[in-house]
Amino acid sequence: MYIGIIGLGSMGQMLVKGFCKSGVVTPGQLVVFNRTREKAERLRREYPFAIASTAQEVCQRADIVFICTKPLDVLPLLKTLDLPAEMHLVSVAAGVTLADLEAVHAGPVSKVIPTVTSQELRGVSLYACGHRVTPALRSDLLRLLTALGNAEEVSEESIETATILTSSAPGLLAGILDAFARAAVRQSPELELDTARRMLAETLMGTALLLENERLDFHRLIERVATKGGITEEGLRVLDRTLPAAFDDLFAVTKAKHTLLKERLQQFSRNEKGDR
């Protein structure tokens, strides 16, 4: 099986690195196109994949093609390509629906929302398959995604919310931890910010391992750490008062952003129909 990747942004590069690092495919099974060829050539020094001259070449050579361009570029690009009917088309772009993909490709289509942590073969890749995806094609896709970590099939109705928990979460968690570290330094200025950040990063990794290795859920871990009447219990009371509203706002803002993106994509489709 040959895997095509169009676009070497953060997600396209992650797929190359993750697939090769996991061993699910060899670099020789990858066909890659990026508008800036130099970027592909730099990455090829570590992973000797084939570089295509055009996006069309990728589609002709690969059995499954991951479109990793910016969301607003996906449909305009696809409309310029002659897509082989048997090719499995996979978009990693937010806002682009299965219906959008099926409108421009007569063959099987899927939607995947990966995460940058899959470069380390951990994390969750969300996916949804169109009705033309056969069990065999779904199995092939799942084999690729599970090599990168965990794969969760979700409905399109829930994928935007789930994206915040998986693909957006590394950045959001980093932002939360940075705010945590800065608050510590405000409390104790003699504590260096870089030291506080290192402490939290190591604690985050240890917490994740403890949850996994001990098979704990969040509540059981809280019970283990927060003794009755202790410091952690007091801290949790503060979070109970302040965090729910903050996270509600977070989901409201990101939902509005998704809605705006879909409206822009729909406007593009309407303009395309009007030009015919």
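Summary of computed values
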{"item": "Around G23: net Lys/Arg minus Asp/Glu count, Cβ-Cβ under 14 Å", "result": "+3"}
{"item": "12 Å reach of a label modelled at F247, 7 Å along Cα-to-Cβ, counting backbone N of the stretch 147-179", "result": "165"}
{"item": "In sequence order, calculated HN-Hα J values of the stretch 257-267 (Karplus, 6.51, -1.76, 1.60; Hz; x Gly/Pro)", "result": "5, 4, 4, 5, 4, 5, 5, 5, 5, 5, 5"}
{"item": "Antiparallel DSSP beta bridges within the chain, as percent of all bridges there, nearest 5", "result": "15"}
{"item": "Theoretical FRET efficiency, 1/(1+(r/R0)^6), r = Cβ-Cβ of A208 and D82, R0 45 Å, to 0.05", "result": "0.50"}
{"item": "Residues of type lysines that K70 reaches as a straight line, Cα spacing below 20 Å, ignoring anything fewer than 8 places off in the same chain", "result": "K17, K39, K79, K111, K255, K257, K262"}
{"item": "Area of K111 that stays accessible when all protein chains are in place (1.4 Å probe, Å², to 10)", "result": "10"}
{"item": "Net charge of neighbours whose Cβ lies under 15 Å from the Cβ of V133, counting Lys and Arg as +1 and Asp and Glu as -1", "result": "-2"}
{"item": "Gyration tensor (Cα) of the stretch 1-107, equivalent ellipsoid semi-axes in angstrom", "result": "22, 14, 13"}
{"item": "Rg ratio (alpha-carbon, reference 2.2 N^0.38 Å) - the stretch 133-237", "result": "1.45"}
{"item": "Residue-wise HN-Hα coupling along the stretch 53-60, computed from phi with Karplus coefficients 6.51, -1.76, 1.60 (Hz; x: Gly, Pro)", "result": "7, 9, 5, 4, 4, 4, 5, 6"}
{"item": "Full-extension gain in nm, S10 to K255, via 0.36 nm per residue minus C-alpha separation", "result": "86.0 nm"}
{"item": "Modelled FRET efficiency - R0 41 Å, D73 with K228, Cβ distances, 0.05 increments", "result": "0.15"}
{"item": "Prolate/oblate/rounded call for the stretch 198-257, Cα gyration tensor, a/c under 1.5 rounded", "result": "oblate"}
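The values are calculated or read from the model by the stated rules, or taken from the named source; none is laboratory data. A quick note: this is a predicted structure, and the numbers were derived from the prediction, not measured. With ideal geometry, Cβ positions are generated from the backbone for all residues, glycine too; neighbour counts draw on all protein chains shown. Remember, those area values only see protein heavy atoms, side chains included, never the ligands or the DNA or RNA. Shrake-Rupley method; radii C 1.70, N 1.55, O 1.52, S 1.80 Å.
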